[in-house]
Amino acid sequence: RGRLQYSLIHSAGSESGKKMSNIAVCARFRPLSTKERRDDGDSICIQCLDSDTFTFKDEKEGNSTFTFDRVFYENSEQAQVYDFLALPIVQDAVKYTNGTIITYGQTGAGKTYSMEGPGILESDDQKKGLLPRVVDGIFECIKSSKNANKYSVKLSMVEIYMERVRDLFDLAKDNIQIMENKSQGILLNGITEVSIKDPGEALQSLASGVANRAVGETQMNITSSRSHCVYIFTLQQELKKDNRSRTSKLVLVDLAGSEKVEKSGAEGRVLEEAKSINKSLSALGNVINALTSGSSVKANHIPYRDSKLTRILQDALGGNSRTALLCCCSPCPSNAPESLSTLRFGARASHIKASPRVKCNEDKSAKKHGTPPSPDKDESCERI
Ligand code: ADP
Ligand code: MG
């Protein structure tokens, strides 16, 4: 494999990038952990070139250069991630554009830290994650809108484990069915929707959902790294004219760990979990690829139905929507294979519509054979 540069053009507004502008893909490298420093020393496998490009060094595969819409290095601040990735989506959600913000990566890569922060109720402003910032952002945007008093905000939280959807506000609802309705789109049948009036209420609800998640997982003897957590904000505005309302959904997803399970070693539930995670992450990759590939893909050919995750995200990912994908990675060389797989997932998710330019000399063969790599030959999406 030569050195590929996936050159992505985050081209809001440009003709060729019309669809492309609906998805922003960023990479984030967390600091080395104490354990990584102890076991592997201080070396890291990335070399920053600028705010959107870095070289990734892998012992086996050599060097690859990746370009994303933005790269957040080890010393990046939570606020920077929010401002670049989430704020535009929050602003648009208040103007009736559905939005999705997804954290992807192996277990321990920083997905939950990015999403929730050290805790939902974290008081240190610097450390606050995307969720509390999104909550603040929603209410600020509503406040500064013309029809501030016409808005209502509702929150639901579900966990998807082994293709079963559980209501995190009511653990008794442990097998929520997904329905589709012409006027309202995707519905989670019987799900708890908490009305929230201010950021404080939202944070309390989110914290109770997170606590319930831990309780449920202890009962089932599983860990959160094996399930997807989905936070759904529904924004509704009453319209004066004819008693109708307008609704948008803003969905945040903290995905299950994307790491591969050793095929030979896994058995029983571990293997079943791995298959189920693999299925939903492949489905997510395929849906994003179908959406970003633009040209001839009709809505009914986008494979939302291939997993519960993509089904739930159907309206938030397709059509009138914006998506941000944060690819979380460890910078430690011992995690390089998983990081590379995460980065490739991100690159595929965004490069297709943007027609990647292969810049490095070593990649002449790839150019000749018409790279970019096909989404169908996606290593991290291979089924086990
Ligand atoms: P994941 O959810 O992907 O499994 P976590 O978000 O739980 O991973 O992160 C693993 C560990 O790394 C946690 O202890 C977390 O606090 C820490 N961590 C992750 N990202 C950062 C960061 N950007 N800055 C500081 N610590 C981080
Ligand atoms: Mg996590």
TODO: Kindly list the number of the only condition in (1) within 13 Å of ligand 1 (Cβ to nearest atom); (2) surrounded by fewer than 18 Cβ atoms within 10 Å (Cβ to Cβ); (3) not in a helix (DSSP H, G or I) that fails for Ser43.
DONE: (1)
Task: Leu87, sole failed condition from (1) under 19 Å from Ile196 (Cβ atoms); (2) more than 15 Å from ligand 1 (Cβ to nearest atom) - done: (1)
Task: Residues that are assigned to a loop (DSSP other than H, G, I, E, B), in contact with a Pro (Cβ under 6 Å, 6 or more places away or on another chain) and surrounded by 16 or more Cβ atoms within 10 Å (Cβ to Cβ), drawn from the range 46-86 - done: none
TODO: Please work out if Leu239 is surrounded by 19 or more Cβ atoms within 10 Å (Cβ to Cβ), of a type in the set (A, V, I, L, M) and in contact with a strand residue (DSSP E or B) (Cβ under 8 Å, 6 or more places away or on another chain).
DONE: no
TODO: Would you confirm whether any residue within the range 133-147 is within 14 Å of ligand 1 (Cβ to nearest atom), assigned to a helix (DSSP H, G or I), basic (Lys, Arg) and over 18 Å from the mean Cα position of the chain (by Cα)?
DONE: no
Open item on the list: When you check Ile89 against the structure, is it crowded, with 22+ Cβ neighbours inside 10 Å and within 15 Å of ligand 2 (Cβ to nearest atom), yes or no?
Closed with: no
Open item on the list: Please verify whether Ser245 is touching a Leu at 6+ places or on another chain (Cβ under 7 Å), within 21 Å of Val90 (Cβ to Cβ), at pLDDT below 90 and among the hydroxyl-bearing types (Ser, Thr, Tyr), treating the condition exactly as stated.
Closed with: yes
Task: Filtered residue count, the range 95-147, keeping only those that are free of Cβ contacts under 8 Å to residues at least 24 places away in the same chain, under 29 Å from Arg246 (Cβ atoms) and within 16 Å of ligand 2 (Cβ to nearest atom) - done: 0
Task: Pair list, Cβ under 8 Å, 6 or more apart: the range 328-339 residue part of a strand (DSSP E or B), other residue of a type in the set (Lys, Arg) and surrounded by fewer than 24 Cβ atoms within 10 Å (Cβ to Cβ) - done: Cys328/Arg30; Cys329/Arg30
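A quick yes/no check of all residues on (1) in contact with an Asp or Glu (Cβ under 9 Å, 6 or more places away or on another chain); (2) at positive phi; (3) in contact (Cβ under 8 Å) with a residue 12 or more places away in the chain:
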site	(1), (2), (3)
Arg38	no, no, no
Gln47	no, no, no
Asp52	yes, no, yes
Thr67	yes, no, yes
Tyr73	no, no, yes
Leu85	yes, no, yes
Ile89	no, no, yes
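Residue-wise test of (1) assigned to a strand (DSSP E or B); (2) free of Cβ contacts under 8 Å to residues at least 60 places away in the same chain; (3) over 16 Å from Ile89 (Cα atoms).
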{"position": "Val251", "(1), (2), (3)": "yes, no, no"}
{"position": "Glu259", "(1), (2), (3)": "no, no, yes"}
{"position": "Arg269", "(1), (2), (3)": "no, yes, yes"}
{"position": "Lys279", "(1), (2), (3)": "no, no, yes"}
Open item on the list: Report every pair of residues separated by at least 6 positions or lying on different chains whose Cβ atoms are under 7 Å apart, first residue within the range 149-167 and without any contact (Cβ under 8 Å) to a residue 60 or more places away in the chain, second in a strand (DSSP E or B).
Closed with: Arg166/Val158; Arg166/Glu159; Asp167/Val158
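The values are calculated or read from the model by the stated rules, or taken from the named source; none is laboratory data. Given the structure is predicted, the values throughout are model-derived calculations rather than measurements. Reconstructed Cβ throughout: ideal geometry from the backbone, glycine too, with neighbour counts over all protein chains shown.
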